[in-house]
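Some notes on the structure that comes next.
The values are calculated or read from the model by the stated rules, or taken from the named source; none is laboratory data. The model shown is predicted, which means the values in this text are computed figures rather than measured ones. Using ideal geometry, Cβ is built from the backbone for each residue, glycine included, and neighbour counts are taken over all protein chains shown. With ligands, DNA and RNA removed, areas are computed over all heavy atoms of the protein, side chains included. Shrake-Rupley method; radii C 1.70, N 1.55, O 1.52, S 1.80 Å.
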Amino acid sequence: MLKTIKLNLEAIEVMNYFWQAASEKENVSEKFFHDVGQMTAMTCIYDDEFNAESVRRVLSAIKNREPLTGNQKERRFWNFNMWIMEDMEYKDSMIVPVKKLNVDALIAKVNEAVKDAKHEDVEIVFSPMFSEDYLIKGNKLLINFFMVRPSDIDDSSFNIKDRDVKEFILEKLVELESK
């Protein structure tokens, strides 16, 4: 039976700092890039082509305004980050509703949909991912922050893949608990 859902926004907070600092041409240390690469939101998306060194290389290239000659996944990650930095107001409109997200009501809905939930605790991690809309890793649901589309109506709702975020999350949590 699912008892708690934790929302993990650490990577978005850290990346928000980076996007702001890089756009204002402030110095960001290489240790910062290493630390970002070690965050759960990043380590869960690693594979044979994208790893902590990829994160370091991409963020360093962005900070230093250098061209990136990495593989396809690294270039996608670079493109997403550059897209965010082109419109800082839009970036802020993406972050605000994510910070306001309350998923407590989804616990009962998941338990209703899945009678034998596999986990008591799950974590929803918003991650700056290079491709997928979401990933499931153990008891973690990783959601690609770059897929967040803020509402034009208010600053407390948003969509992912043209779907209300809570509907999207509910469907993915049911998938996570059914595996």
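Given points 7 Å out from each Cα along the Cα-Cβ axis, report the residue 133 to residue 48 separation in nanometres with one decimal.
Placing both labels 7 Å along Cα→Cβ, they lie 2.7 nm apart.
If you stretched the chain out fully between residue 108 and residue 71, how much longer would it get, using 0.36 nm times the residue separation minus the C-alpha to C-alpha distance?
Taking residue 108 through residue 71 to full extension adds about 9.1 nm, to one decimal.
Roll a 1.4 angstrom probe over the protein heavy atoms and tell me the percent of accessible area of the chain that is carbon or sulfur. It would help to have the intermediate numbers written out before the result.
On the way: 4290 of 9090 Å².
C and S atoms contribute 47 percent here.
How about residue 91: which aspartates and glutamates have a C-alpha closer than 17 Å to its C-alpha, ignoring those fewer than 8 places off in the same chain?
By straight Cα distance, residue 91 reaches 10, 13, 24, 152, 154, 155.
Of the beta bridges DSSP finds with both residues in the chain, what % are antiparallel, to the nearest 5? Walk me through the intermediate numbers first.
Numbers: 9 of 19 bridges.
Around 45 percent antiparallel, to the nearest 5.
Here are some pairs, 3/172; 118/179; 118/140; 3/100; 109/172; 3/109; which of them have Cα atoms lying more than 18 Å apart in this structure? Spell out each step's value before the answer.
Details: 3/172 16 Å; 118/179 8 Å; 118/140 12 Å; 3/100 21 Å; 109/172 12 Å; 3/109 11 Å.
Over 18 Å Cα-Cα: 3/100.
Work out how much length residue 4 to residue 167 would gain on full extension: take 0.36 nm times their residue separation and subtract the Cα-Cα distance, in nm to one decimal. Could the numbers behind the result be given before it?
Details: separation 163, 0.36 × 163 = 58.68 nm, distance 1.77 nm.
Length gained between residue 4 and residue 167: 56.9 nm.
Let me know the shape class of region 39-179, please: from the alpha-carbon gyration tensor, a ≥ b ≥ c as square roots of the eigenvalues, rounded when a/c is under 1.5, otherwise prolate if a/b is greater than b/c, or oblate.
oblate
Counting only heavy atoms of the protein chains, get the accessible area per residue of the chain (1.4 Å probe) and round it to a whole Å² value. Mind showing how you got there, number by number?
On the way: 9090 Å² over 179 residues.
I get 51 Å² per residue for this part.
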